Amino acid sequence: MGSAETPVAGARVVVTGAAGFIGSHLAEAVGARGATVLGVDRRDPSSDANAAANLRELLGSSGFTYLRADLRRAALEPFLEGADVIFHLAARASVRESWGDNFEEYATANLCATQRVMEAAVRLRVPRVVVASSSSVYGRTDGTPSRETGPVLPASPYAVTKLAAEQLALAHAMRAGSVTTVIALRYFSVFGPRQRADMFIHRVLRAALDGQPMRLFGDGSRRRDFTYVSDVVAATVAAGAAPPRSQVLNVGTGHRTALSEVLAVAADLTGAPVPVVVDRGSDGDVRDTLADLTAVRAALGWEPEVDLAAGMSQQIAQLRKEFVPGAA
Ligand code: NAD
């Protein structure tokens, strides 16, 4: 996994957002390393098919407990008490949907929930909280790799809430008497099996596999630093065990790929063209994202390992299993 440090077997770990895309992969990974994992999420897998699919490997596996709770309202201390690490991934994701009437949902799920988690974590003296932040906090850049100490110009309500949430978590860590340290990880466009259905690579691969056109926002020249989910999980696990120092770290690959290039890779891997309908650029979609990895390499000894084509192949295999039974 490209890092020397992992949570010890027997650690008690809480993963918020465990019924989600990245949270479910993370819960599987820390469980496989011998930690006891409490997965918290507001989704009910008995009525939410996507949550059930994400939790399939976890539910019933030894060492894993699922707690359905909304972090904005639930009493948090009973289940955070005794935690060695809290991985706080729960959030309302998606840039595009964060405009308009949804803002209150973004503000409460991303910011108010983080405030409650951090109040409890500091009071309970939980040593480490790892917070999922986002490359979207950088917003419009000059095209050079984004560094954690550089400017932030979030270009959507979602991005503003993610920046506020990471800074809020860090503020709690700086409180007098706090023993809690926070590592905020700015994830760059995560992809892989079980990726959210609103995300670009998922939509591209679905279109290639079922022949239904997808909406392409812009002309395909926008570029993203696409990061495979197992690499993101490895960085997150390493952050859980890193020395007690609060910091912000990028989790990307340091390479960027144009959306048109992703369409070409998808066509190549699936053997089918990707039908697209071009849409005007949507608000909040920035031109470029690109991570500078200097800080994360130094802090976690972490290196991304999975390239775009290899990761997309894994995602295609999962989608084929899910949507075309027997075809994978
Ligand atoms: P996801 O939507 O699949 O998972 C998020 C989970 O959080 C969901 O299952 C949701 O039910 C849960 N949740 C939201 N509000 C909650 C609340 N109030 N109480 C309890 N549970 C709640 O999203 P994801 O793509 O897995 O993203 C995980 C984290 O990583 C998020 O914080 C997101 O902002 C961040 N992130 C993701 C990406 C990416 O490319 N996927 C990039 C940057 C940052």
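What follows is calculated from the coordinates using simple rules that are stated; it is not laboratory data. The shown structure was predicted, so the numbers you read here are calculated from the model rather than taken from an experiment.
Listing for the model above:
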item: The chain: calculated mean residue ellipticity at 222 nm from DSSP helix runs of at least 4, using -39500 (n - 2.57); result: -10500 deg cm²/dmol
item: Relative contact order (%) - criterion: Cα under 8 Å, at least six apart; region: the range 47-186; result: 27 percent
item: Distance from the range 10-76 to the range 288-327 (C-alpha centre basis), Å; result: 21 Å
item: Sequence-distant residues sharing a close amide H with Thr227 (under 5 Å, placed H); result: Val190, Phe191
item: For Phe217, residues with placed amide H under 5 Å, excluding near neighbours; result: Asp279
